[in-house]
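Since the structure comes first, as structure tokens, the remarks are kept for the end.
The values are calculated or read from the model by the stated rules, or taken from the named source; none is laboratory data. Note that the structure is a prediction, hence the values are computed from the model and not measured. Every residue, glycine as well, gets a Cβ built from its backbone with ideal geometry; the counts of neighbours run over all protein chains shown. SASA here: full protein model, heavy atoms, side chains in, ligands and nucleic acids out. Shrake-Rupley method; radii C 1.70, N 1.55, O 1.52, S 1.80 Å.
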Amino acid sequence: MTSTDPAHTDPLAALRAPGDPACDVYLTGTVFLDIVFTGLDSAPVRGTESWARGMGSSPGGVANMATALARLGLRTSLAAAFGDDHYGEYCWDTLEHGEGIDLGYSRTVPGWHSPVTVSMAYEGERTMVSHGHEPPPQEPAPACPPRTRAAIAALVPGVDAPWIAEAARKGTRVFADVGWDDTGRWDLAALGDLRHCEAFLPNAEEAMRYTGTSSPQAAAHALAEHVPLAVVTLGAEGAYAVDGRTGETASVPAIEVEALDPTGAGDVFVAGFVTGTLAGWPLADRLAFAGLTAALSVQEFGGSLSAPGWSEIAAWWRQVRSYDDQDPAALDRFAFLDPLLPEAARPWPLRRAVPTIGFGRSA
């Protein structure tokens, strides 16, 4: 599929048929207002004042994943609670009108303070400080999630989310990641909802701790005994995946880039992998695409704002092919992009407009 309009590239166009779900992907979680400082020379030092050369604000938390999916052309439905303060209104407007995300399952909670995260990026790392009140008593996830092609879930040790099992029963393909286990138990059996998932995408440290293995590759093979598809992200070394149904494995190196802010890169990786899976691409192509989108995202700051769309991917592809000294094998790795990318030429690298609360959005 080729599109001449970068804003409407649809990776699933060839697969759509009457009777398909209205949305491709469903997810739920907490939306934060992210305030990101960049251009710091080092971590803040106690008792001193640090000046950042850059700053931006954007919806964060689960909004990072929702935005990444929407920008890759997937019809995305988000169920979340929003405060009725200015922060909540800003996040709602940015996601619904700015990104085209369906918020039909979301709700505004009167009197609830929107959660806020301040992120400081330096030396390719980040430090975050968050603030939020107790969540609303009513969970934002509906008892019966909508029928979609896929859903993305964040697994929590010892806590099962009923909507995940319900989504799987409806035929939704569930992709899951997991956060750091603060209990220190790292008990795979505590991830009860994993049995409902098609794919599990932890990072290398999480995967090895949950499986008691000594290498990411061994961890991926161990996880593939519990979930059909195990994908272990390796940071600067790329990613490794095992399809437990077929025995197929794939390993794709990372793209070397100068990282400005890694916020949301993991979410972008998952979004890219989900996109390729729903489109029916080979496993190695899915890994390569996920890694590419994540690499492009860390060159901008902010979680949701940094997620690339097809115009950025196309601009990158044109740019790398313009150099005479490129490794042909490396270019062949991404040749599958050719029939997918928009033809409209735009310069690269691209800078996204970064909205600052109170000034609106610039084009």
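Yes/no per residue for (1) within 26 Å of G276 (Cβ to Cβ); (2) modelled with pLDDT under 95; (3) open to solvent by 40 Å² or more (accessible area, probe 1.4 Å); (4) not polar (S, T, N, Q):
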{"residue": "A151", "(1), (2), (3), (4)": "yes, no, no, yes"}
{"residue": "W163", "(1), (2), (3), (4)": "yes, yes, no, yes"}
{"residue": "F175", "(1), (2), (3), (4)": "yes, no, no, yes"}
{"residue": "D182", "(1), (2), (3), (4)": "no, yes, yes, yes"}
{"residue": "A189", "(1), (2), (3), (4)": "no, no, yes, yes"}
{"residue": "L194", "(1), (2), (3), (4)": "yes, no, no, yes"}
{"residue": "A199", "(1), (2), (3), (4)": "yes, no, no, yes"}
Which numbered condition G309 misses (of (1) farther than 23 Å from L191 by Cβ; (2) touching an Asp or Glu at 6+ places or on another chain (Cβ under 9 Å); (3) open to solvent by less than 20 Å² (accessible area, probe 1.4 Å)): (2)
Near pairs, Cβ below 7 angstrom, 6+ apart or cross-chain, from region 12-29 (more than 15 Å from A79 (Cβ to Cβ)) to any residue that is of a type in the set (D, E) and modelled with pLDDT of 95 or more: L12/D24
Any hit, region 323-345, residues being open to solvent by 30 Å² or more (accessible area, probe 1.4 Å), of a type in the set (A, V, I, L, M, F, W, C), in a loop (DSSP other than H, G, I, E, B) and at pLDDT below 90: yes
Complete set of residues in region 96-106 that are surrounded by 15 or more Cβ atoms within 10 Å (Cβ to Cβ) and outside any helix (DSSP H, G or I): E99, I101, D102, L103, Y105, S106
Members of region 20-48 found to be open to solvent by 20 Å² or more (accessible area, probe 1.4 Å) and in contact with a helix residue (DSSP H, G or I) (Cβ under 9 Å, 6 or more places away or on another chain), listed by number: T28, G29, T30, F32
Those residues of region 131-143 which are assigned to a loop (DSSP other than H, G, I, E, B) and at pLDDT 75 or above, in sequence order: G132, H133, E134
F273 in a helix (DSSP H, G or I), open to solvent by 10 Å² or more (accessible area, probe 1.4 Å) and closer than 28 Å to D10 by Cα: no
Residue ID - nearest to the chain's Cα centre (by Cα), chosen from residues in region 316-334 that are more than 15 Å from A254 (Cα to Cα) and among the basic types (K, R): R318
Top-ranked residue of region 115-130 - restricted to ones that are under 21 Å from the mean Cα position of the chain (by Cα) and in a loop (DSSP other than H, G, I, E, B), ranked as surrounded by the fewest Cβ atoms within 10 Å (Cβ to Cβ): G124
Members of region 52-73 found to be at pLDDT 90 or above and either in contact with a helix residue (DSSP H, G or I) (Cβ under 6 Å, 6 or more places away or on another chain) or closer than 24 Å to Y122 by Cβ (or both), listed by number: P59, G60, G61, A63, N64, M65, T67, A68, L69, L72
From A265, A222, residue being open to solvent by less than 40 Å² (accessible area, probe 1.4 Å), of a type in the set (G, A, S), over 19 Å from A150 (Cβ atoms) and touching a Phe, Trp or Tyr at 6+ places or on another chain (Cβ under 9 Å): A222
Any hit, region 287-306, residues being of a type in the set (D, E), open to solvent by less than 40 Å² (accessible area, probe 1.4 Å) and at pLDDT 90 or above: no
